[in-house]
1. At what distance in nm do the modelled label points of B:ASN32 and A:THR121 sit from each other, each positioned 7 Å from its Cα along Cα→Cβ?
2. Taking a point 7 Å out from Cα toward Cβ as the label site, list the nm distances between A:LEU88 and the same residue in every other copy, smallest first.
3. Could you give the Stokes-Einstein D for the stretch B:19-91 in µm² per second, using the C-alpha Kirkwood radius, 25 °C, 0.890 mPa s?
4. Calculate the mean, over all residues of peptide B:34-43, of how many other protein chain Cβ atoms lie within 10 angstrom of the residue's Cβ.
5. State, to one decimal in nm, how far the label point of B:ARG23 lies from the label point of A:LYS5, with both points 7 Å from Cα in the Cβ direction.
6. To one decimal place, what Kirkwood hydrodynamic radius in Å is obtained for the stretch A:1-57 from all pairs of distinct Cα atoms?
7. Can you list residues whose amide H is under 5 Å from A:PHE9's amide H, if they're 5+ apart or on another chain and H is modeled 1.01 Å from N?
8. Rounded to whole Hz and in sequence order, give me ³J(HN,Hα) for the stretch B:157-172 from the Karplus expression 6.51 cos²θ - 1.76 cosθ + 1.60, θ = phi - 60°, writing x for Gly and Pro.
Number of protein chains: 2
Amino acid sequence: MPQPKLLLFDVNETLLDLKPLARRINTTLSNNLAFDLWFSSLLHYSLVETTTGNHEDFSRIAKATFEMTALKFKKVVPEEEIESILGLIKKLPPHPDTVEALQVLKQKGFRLAALTNGNPTVAQAQLTFAEINQFFERIFSVDEARAFKPNPKPYVFVLDQLKVKAQESLMVAAHGWISPALSVPVFKPHSLHGMVSSNIHWPKHLPLIVKTSKI
Amino acid sequence: MPQPKLLLFDVNETLLDLKPLARRINTTLSNNLAFDLWFSSLLHYSLVETTTGNHEDFSRIAKATFEMTALKFKKVVPEEEIESILGLIKKLPPHPDTVEALQVLKQKGFRLAALTNGNPTVAQAQLTFAEINQFFERIFSVDEARAFKPNPKPYVFVLDQLKVKAQESLMVAAHGWISPALSVPVFKPHSLHGMVSSNIHWPKHLPLIVKTSKI
């Protein structure tokens, strides 16, 4: 595999730490698995949209699945509180070593971009709040391709926009299931195999991928 | 909407009661949300396969996501125990009023078929164990179309095999997200709206759909 030119970063959990959001959701719904359950539903329902040829703002699916999850815990959370809770997605800190890693990669000459399921406004707000937006030449939302990850469309869109070939790029993600697909793959663990590493977070994960792909 | 000729039934949770499986998983992983978390991951990862143009046996994804879920609870479950636990999917009872409902619908002259994410062997075993296989003229697995619900492919496949037009058929499911899509829709709540009713189980659900579609 040739040295990649473009490193394409997933945002939530890969660059940013979801813990503040997780804690708030678990507290609100009085269960320490509430966040996990909500997030899993969110990912499932996002792909329900994509696989049926539809698309919807990730924030709207987040809200609908949050209400669904709250119902499971027999809680009714007022509208304004839901907005406040889910608004935390825009105020997540980077993982402790995210900034240094981005600096090093930038200095080594890699092109850096981000691709997130979130809408463009949320994506910009997130990376600006975390003070890492300056590292990325473009911050992409899947909305631009109207399909959620890991459908190939957003990856194809990014490569086309940045004029980079698939084999010159590398997706970096904390979640195994995000690996690009079909004609786009660069770092592509088999999705079932990839699950095993789906809990690996940023600090361990980047070196792992870097090693795999011989940067 | 014209009177449907074909009623196409989802299997798990719609016709069959998943509680025995849920109880066993919750007991094994010592958490009463373990089943929900596993099932949500299973559905997510099944669509990861479909949206990346791949397909995999639902039972294999079930096993991989079970191991993933067990890890989250810091449990390592021996291989044979996993097989034994997940094997319960083939020994689920029908909901208390499933048999009577199927009898009534059959007597009224509807054609009945089933369409499940499970593989053909599991699907046959399930409906045979529940003693309701005789009601269905065909028991379809998504494997025949190599795409998980609610991707349109399996619905298209069923309609083609049974020589029924989309508008002459009706999907019956306990889960809102299963509603058929694209050119196939017959009973199609908007998927976000459908979430609201996703916890409605069989006894309430069938009359609801029947009412909606004016059978």
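1. 4.0
2. For A:LEU88, the inter-copy label distances come out at 3.2 nm.
3. On the way: Rh = 12.4 Å.
In µm²/s, the coefficient is 198.
4. Working: counts 1, 0, 7, 5, 1, 2, 12, 9, 2, 7.
Mean partner-chain Cβ count within 10 Å for B:34-43: 5.
5. Reported label-point gap for B:ARG23 and A:LYS5 is 6.1 nm.
6. Working: mean 1/r = 0.0723 Å⁻¹.
Evaluated on the stretch A:1-57, it is 13.8 Å.
7. A:ALA113, A:ALA114, A:LEU115, A:VAL172
8. 4, 4, 4, 5, 5, 8, 6, 10, 7, 3, 6, 9, 10, 8, 7, 10
The values are calculated or read from the model by the stated rules, or taken from the named source; none is laboratory data. This is a predicted model, so every value here is computed, not measured. All Cβ positions, even for glycine, are placed from backbone atoms using ideal geometry, and neighbour counts span all protein chains on display. For the accessible areas, the whole protein counts, side chains as well, though only heavy atoms, and no ligand, DNA or RNA atoms are used. Shrake-Rupley method; radii C 1.70, N 1.55, O 1.52, S 1.80 Å.
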